[in-house]
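**Q** Dumping the structure here so I can ask a few things about it.
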Amino acid sequence: LIENTIGTFTIPLGIATNFRINNRDYIIPMVIEEPSVVAAASAGAKATDNVTVTGGNSHVIGQIQVLNPDADAIAKVLSRKSDILDAAASILSGHMSVVDVYSSMLDVQSRMLKVEIVIDTGEAMGANAVNTTCEGLAPIIEEITGGRVLLRILSNAVPGVVSAQAHFKTSDSVARDIVSAYEFAHIDKLRAVTHNKGIMNGITAVAMATGQDTRAIEAAAHMYAAESGVYGPLSKWYMQDDRLCGELHLPIRVGTVGGLTTHHDTAATCLKILGNPTSQELAGIMVSVGLCQNFSALRALSTDGIQKGHMKLHARRL
């Protein structure tokens, strides 16, 4: 899988229980070295009857950087859009399709243009396919824009958000303290970083178990956390009809075919444990785990503190 291999590095594989997502029961494989994460996810899932997941798509953006384009390059790209789409379609494999292409000037002074192509990669994460398409389009983009193509690469930013929402059972006082704990993260970016790290504990653990690109998932998540211009919490907590409601919105793109899912037997087995979900279903599972993980962390912080349960589980490995 990698170069200059000298061995393997084993990390525990655990199972989170109690999950019901879109009215379907799941046991969820998680790969992580940190104690209490699997227990927290399971406890969070037990505190809700169902997590409702919506949204998401299988689109990936490819970017082509153009230096010193003609003054009317954007108009030319628009007028030749069908030619670019046809060229991209001829490069892609059968289960993928081109959705759109557009361009914009990045910097007028330095004369830098970008052309972006949106590709539906189906059940694959699609990084290699998108990169190949961007590289293959370079000649026609240079012809159309009159500029020189430099970078040709996918963006790990995700054009679509997966949302998970649930009501959680806890006492009224704890529920209101959880909302106050969320407001701390909403106001203070230093707290927001740790708030989001806890969410990603759950998401990254499922991503590792199922053979996903964890760095891409993290990068997209933190970009989204700063979308307003100020880094903030990925989740939202509030009272609704005297019940605690949590929401997590995340741009996340995963694959269930190709890559490590094809070449790693344990990752393939973990996907089977999940019922061989589609890529969008897997994204929804991961966001649901992140939401339940966040609930458990905020509940612990709002009551006994994080160390009581964490250190008890930590001591088991000593």
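**Q** Identify the single condition in (1) under 23 Å from the mean Cα position of the chain (by Cα); (2) more than 14 Å from residue 148 (Cα to Cα); (3) assigned to a strand (DSSP E or B) that residue 132 does not satisfy, given that it satisfies every other one.
**A** Answer for residue 132: the failing condition is (3).
**Q** Restricting the search to region 196-231, which residues are assigned to a loop (DSSP other than H, G, I, E, B) and surrounded by fewer than 20 Cβ atoms within 10 Å (Cβ to Cβ)?
**A** Here is the first cut: in region 196-231, the residues assigned to a loop (DSSP other than H, G, I, E, B) are 210-213, 226-231.
Answer for region 196-231, where residues must be assigned to a loop (DSSP other than H, G, I, E, B) and surrounded by fewer than 20 Cβ atoms within 10 Å (Cβ to Cβ): 213, 226, 227, 228, 229, 230, 231.
**Q** Would you mind stating whether residue 86 is among the charged types (D, E, K, R) and farther than 24 Å from residue 253 by Cβ?
**A** Answer is yes for this residue.
**Q** If you take the residues of region 76-118 that are acidic (Asp, Glu), modelled with pLDDT of 95 or more and assigned to a strand (DSSP E or B), which of them is surrounded by the most Cβ atoms within 10 Å (Cβ to Cβ)? Spell out how you get there, then give the answer.
**A** Taking region 76-118 as the starting set, the residues that turn out to be acidic (Asp, Glu) are 83, 86, 100, 107, 116.
Adding the requirement that they be modelled with pLDDT of 95 or more leaves 83, 86, 100, 116.
Applying the additional criterion that residues be assigned to a strand (DSSP E or B) yields 100, 116.
Details: 100: 14, 116: 16.
Result: 116.
**Q** Take the residues of region 149-195 that are in a strand (DSSP E or B) and among the hydroxyl-bearing types (Ser, Thr, Tyr): which is nearest to residue 125 (Cα to Cα)?
**A** Restricting attention to region 149-195, the residues satisfying the condition of being in a strand (DSSP E or B) are 149-155, 162-168.
Next, only the ones that are among the hydroxyl-bearing types (Ser, Thr, Tyr) stay: 155, 163.
Numbers: 155: 12, 163: 19 Å.
Once the filter is applied, the top-ranked residue is 155.
**Q** If we scan region 257-270, do we find a residue that is within 19 Å of the chain's Cα centre (by Cα), modelled with pLDDT under 95 and aliphatic (A, V, I, L, M)? So that I can check it myself, show each step before the final result.
**A** Step one: list which residues in region 257-270 are within 19 Å of the chain's Cα centre (by Cα), which gives 257-261, 267, 270.
With modelled with pLDDT under 95 added as a condition, the list becomes 257-261.
Adding the requirement that they be aliphatic (A, V, I, L, M) leaves 257, 260.
Scanning region 257-270 turns up at least one residue that is within 19 Å of the chain's Cα centre (by Cα), modelled with pLDDT under 95 and aliphatic (A, V, I, L, M).
The values are calculated or read from the model by the stated rules, or taken from the named source; none is laboratory data. Computed from a predicted structure; not experimentally measured. Here the Cβ is made from the backbone with ideal geometry for all residues, glycine too, and neighbour counts use every protein chain on show.
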